[in-house]
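None of the figures in this text is laboratory data; all of them are computed from the coordinates on show. All values reported here derive from a predicted model rather than from experimental measurement. Cβ coordinates were reconstructed from backbone atoms using ideal geometry, including for glycine residues, and neighbour counts include every protein chain displayed.
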Amino acid sequence: MHNKFRKRYSYWLLTTPGLVVFLLVIMFPVVYSVSLSFTEWSGYGTPKFVGMKNYIDILSDSIFLHGLRNNLLIVFISVLGQIPLGFIFAYILHRRMVSGGRFFQTMIFLPITISSVVVALLWNQIFSASGIFTAFIRIITENPRYVIGMFEQKNLAIVPILFVLLWMHTGTYMVIYLANLQKISPSIIEAAQIDGASEGQTLRRIILPSMFPVIATTAIFAISGSLKAFDLIYAMTGGGPAHFSEVIAIYMYVNTFKYYKYGFGSAASIIIILLSVGLILILQFFTRRIERRNG
Amino acid sequence: MRTTRYGLLIGMLLLLVPAVMFAGAQREEAAGQSGPDKISLSVYHYLDQTDKTTAPNFQELVDAFSKQYPDIELTFEFGYGESFHNKLQTLAMSGQLPDIILLYPGKRTAQVTSAGLVKDLRPWLQGHEDEFASMAMQPQGKNGEIWELPEDISITSIMYTNNKLLEQLGLTLPKTMDELLAQGEIIRKAGLIPLAMANKDDWAMQSCFAGMIAERTCGLQWFDAALAGKASFSEPRFVRSLEIIKQLHDENMFSPGVNQLAYGQGLDDFVNERAVYLIDGGWTVNQLVGELTDSQKAYVTLESFPDITNQAGESGSTSATAGQGFGMNAKLDEKQAEAAWKWIWFYSGPEGSAIRQRHGRLPAYNLDTPKGADPMIQKLIQYAAKAPMGYVLDAVIGAEPIGVFNNNLQQMMFGNKTPQQVADELETMVDEIDRGN
């Protein structure tokens, strides 16, 4: 009995500080944000209860829907671009399919060590209307008014950002996969090869199944990271021109901090959380099914 | 027993953390009253500390103040761009507004001024009103309050002209917009930009052009009526101002990719003589003083946008607003408020204004044209004296309607919205948010 009490006491003692911090830093703002999302509040005075109005307004706002579409494209490029590419690079480096592996590893990982704002400035210096690439095309085509039209098209303005995100974050996944690939015992792969397994069979039958949990975890990171994408896009385009490259985090920021609509902004942030949780649950559902099928 | 001792120790340490933190804060607060004769005040200012021109100029002003008032110690905190406003909002909401705060006369900081968080400066200002430009003494509150003492008159639309390029192309300063449009072809053929502008940050077209052109198509009286709800932004005369922007864009008068260019790029093109005209605010003179060579200063002039057909506003008019200035926290006691006023008066009054004028600003305080001032400063002062002034839209329209309008101007230039649609949306939002209907 005494032991049981001591155990429980030590559990509480160890978890309480963390729990208190979690409640104060995570739960309180979330709960407060949920309650605020049903109100109209400019930051002063008493918030006015408006029910679901903020949510209805947001979900019927074409700017929000375009931002959501951009976010889903970022999710798409993260899950189906950064993760497969990261895995392919890690696999090539791990299996020593190219010489100078360390050089490539550093080069691929380098972008993630640079601040998002610096990355944004860098790419703007190249592709903006006053950038190097534009100047070069102007010289070649002898057209001093040439600009990259993609940036001014509603449906395409996000594409350069998707490319930069792919360039920037693939290295992170590569390093994660590389570290996990190194955990697979070389003797298993050697044994498979002695048994006559081809490179493709080794990859399909041994490496991919053992990497599956890591891939699923990184997919969760990719989804949640994509839905809260803000810094790089804000520094690159500010969501413009004319909201073309806007994402929902920028939509939330603008409404909250530029228009002082705290209730509205809270509702947008709750929508981001719900979307993130929803997509992650869908992913987990499929992950479990695949895991069950693989036994 | 040992477990209990460790538990108590950890508990004590956890309790000590906030205690240590609060002790630090108390020390800082204590510094606020550092002696019976010395008053310490916190100041929140809008300044880009990396700006090689404005930051040292501001420091010169602070040094002059410290020399004159050694008994007042000012502790500065700076913000710039959107982050300035975000922090101001956070400080105001958390009740931690600094003693002296940079504020705007119009809607930009209305969330602070209209919440009763700052003092009305009229009791201190009494008797000095005539020393300022009349625009700077316009009431800022509903009951005529003056929340901040404007430092400058901010002219937001000037057509900077490179007369050397004009001459080389065989052109003269256009008197009408049609003449300007006709020049476009010649200027572009020479590989130059007719009107340098950069509108990636979306406020530039509205602040540096739309207000001025709306004054031309609508006239000041109509604009007053529209703000009061007695006229509508959906009316043809306001729509006409938007059609002009669309026309200039469609006829390639602006910089190529005007909506992709970050603010400052237009100035760069102009200084490097890639553009014949530059549309920008009067504050740009501050940069031109340092960026232009002496020979360039001789042939660069400050002009107004040419007249338009069926103009309702005044010929040669521009858009202007009283600039920002310092206000003081409503919580300051009498002694602190007196000290705060000394800084506010020094900054926007004769002494600070003379220093700022020397560096290319156009103070709201009436000063004589300084002898030996940079030619660009003299040209700005002369321009301000002759140009009739209309409204700057973001000074008279609320943050949300103007934010939507800025974006809609871009949409209109891309052909996604018509001028009428942009005008209608502005009218709807102004009616709902600003007029409260």
From the phi of every residue in the range B:156-161, what ³J(HN,Hα) in whole Hz does the Karplus formula 6.51 cos²θ - 1.76 cosθ + 1.60 yield, where θ is phi - 60° and glycine or proline is x? 9, 9, 10, 9, 5, 10
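What longest region of chain A stays clear of trypsin sites (Lys or Arg not before Pro) that DSSP places outside H, G, I, E and B and that have at most 14 other Cβ atoms within 10 Å? Could you put the intermediate results ahead of the total?
Details: sites that count: A:R96, A:R145, A:K183.
No qualifying site falls inside A:184-295, the longest such stretch.
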Suppose we keep just the alpha-carbon trace of the protein assembly as shown; what are its Rg and Dmax in angstrom? 30.2, 102
Roughly how many nanometres apart are two label points built 7 Å out from the Cα toward the Cβ at B:S83 and A:I139? 3.5
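If you take each beta carbon of peptide B:255-265 and count the beta carbons of other chains within 10 angstrom, what is the mean? Please list the in-between numbers first.
Details: counts 4, 9, 13, 3, 8, 15, 4, 6, 0, 1, 3.
Counting other chains' Cβ atoms within 10 Å and averaging over B:255-265 gives 6.
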Simple SL model, points at 7 angstrom along Cα→Cβ for B:D333 and A:R204; separation in nm is 8.3
Rank the residues A:L275, B:L169 as a footprinting-exposure proxy: fewest other Cβ atoms within 10 Å of their Cβ go first. B:L169, A:L275
How large is ³J(HN,Hα), in whole Hz, for each residue of the range A:234-241 in order, when computed from phi with the Karplus curve 6.51 cos²θ - 1.76 cosθ + 1.60 and θ = phi - 60°, using x for Gly and Pro? 5, 6, 6, 10, x, x, x, x
Could you state the number of Å between the C-alpha centres of the range B:364-406 and the range B:310-355? 13
Taking each pair of distinct Cα atoms in chain B once, what is the resulting Kirkwood hydrodynamic radius in Å? 23.7
Among B:A320, B:A115, B:A423, the residue with the largest mean-square fluctuation in a Gaussian network model of chain B built from Cα contacts under 10 Å is B:A115
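Rounded to two decimal places and with Rh computed the Kirkwood way over Cα pairs, what is Rg over Rh for the range B:287-390? Could you put the intermediate results ahead of the total?
Details: Rg = 17.9 Å, Rh = 16.3 Å.
Ratio of gyration radius to Kirkwood radius for the range B:287-390: 1.09.
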Given B:H128, B:F58, B:A204, which one lies farthest toward the positive end of the charge dipole of chain B, if we put +1 on the Cβ of every Lys and Arg and -1 on the Cβ of every Asp and Glu? B:F58
Report, by chain and number, residues whose modeled amide H sits under 5 Å from the one on B:L41, excluding near sequence neighbours (fewer than 5 apart, same chain). B:E73, B:L74, B:T75
So, in nm, how far is label B:T418 from label A:Q193 when the simple model puts each one 7 Å beyond its Cα toward the Cβ? 7.1
Which cross-chain or sequence-distant (5 or more) residues have an amide H under 5 Å from the amide H of B:D280, H modelled 1.01 Å from N in plane? B:I158, B:Y160
At a Förster radius of 35 Å, what calculated FRET efficiency corresponds to the Cβ-Cβ distance of A:L110 and B:T369, to the nearest 0.05? 0.05
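To make sure I understand, if each residue's beta carbon is the centre and we count other beta carbons within 10 Å, what order do A:L208, A:L166 fall in, fewest to most? Please list the in-between numbers first.
Working: A:L208 14, A:L166 17.
Final ranking by Cβ density, sparse to dense: A:L208, A:L166.
At 222 nm, what value in deg cm²/dmol follows for the protein assembly as shown if DSSP H runs of at least 4 each add -39500 (n - 2.57) and the sum is divided by all its residues, to the nearest 500? It would help to have the intermediate numbers written out before the result.
Values: 33 runs with 397 residues, N = 732.
Computed mean residue ellipticity for the protein assembly as shown: -17000 deg cm²/dmol.
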Rounded to whole Hz and in sequence order, give me ³J(HN,Hα) for the range A:189-201 from the Karplus expression 6.51 cos²θ - 1.76 cosθ + 1.60, θ = phi - 60°, writing x for Gly and Pro. 5, 4, 4, 4, 5, 5, 6, x, 6, 7, 4, x, 5
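Which FRET efficiency value, to the nearest 0.05, do you get for B:T176 and B:T293 by plugging their Cβ-Cβ distance into 1/(1 + (r/R0)^6) with R0 = 25 Å?
0.20
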Counting other C-beta atoms within 10 Å, which of B:S241, B:S295 has the fewest, and how do the rest follow? B:S295, B:S241
The range B:151-188 and the range B:200-226 have their Cα centres apart by a whole-number Å value of 19
Where is the GNM fluctuation largest for chain A (alpha-carbon springs, 10 angstrom cutoff): A:V118, A:V175, A:V164? A:V118
Please work out the C-alpha center-to-center distance from the range B:111-126 to the range A:28-78 and express it in whole Å. 34
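Step through the table entries B:K119/B:K386; B:K107/B:K331; B:K175/B:K200; A:K48/B:K417, compare each Cα-Cα distance with 32 Å, and write down the pairs that go over it. All intermediate terms of the calculation are to be shown ahead of the outcome.
On the way: B:K119/B:K386 34 Å; B:K107/B:K331 22 Å; B:K175/B:K200 29 Å; A:K48/B:K417 34 Å.
Check vs 32 Å cut-off fails for B:K119/B:K386; A:K48/B:K417.
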Distant-in-sequence amide H partners of A:V50 (H built 1.01 Å from N, under 5 Å): A:T39, A:E40
Hydrodynamic radius of the range A:136-295 per Kirkwood, over alpha carbon pairs, in Å: 19.5
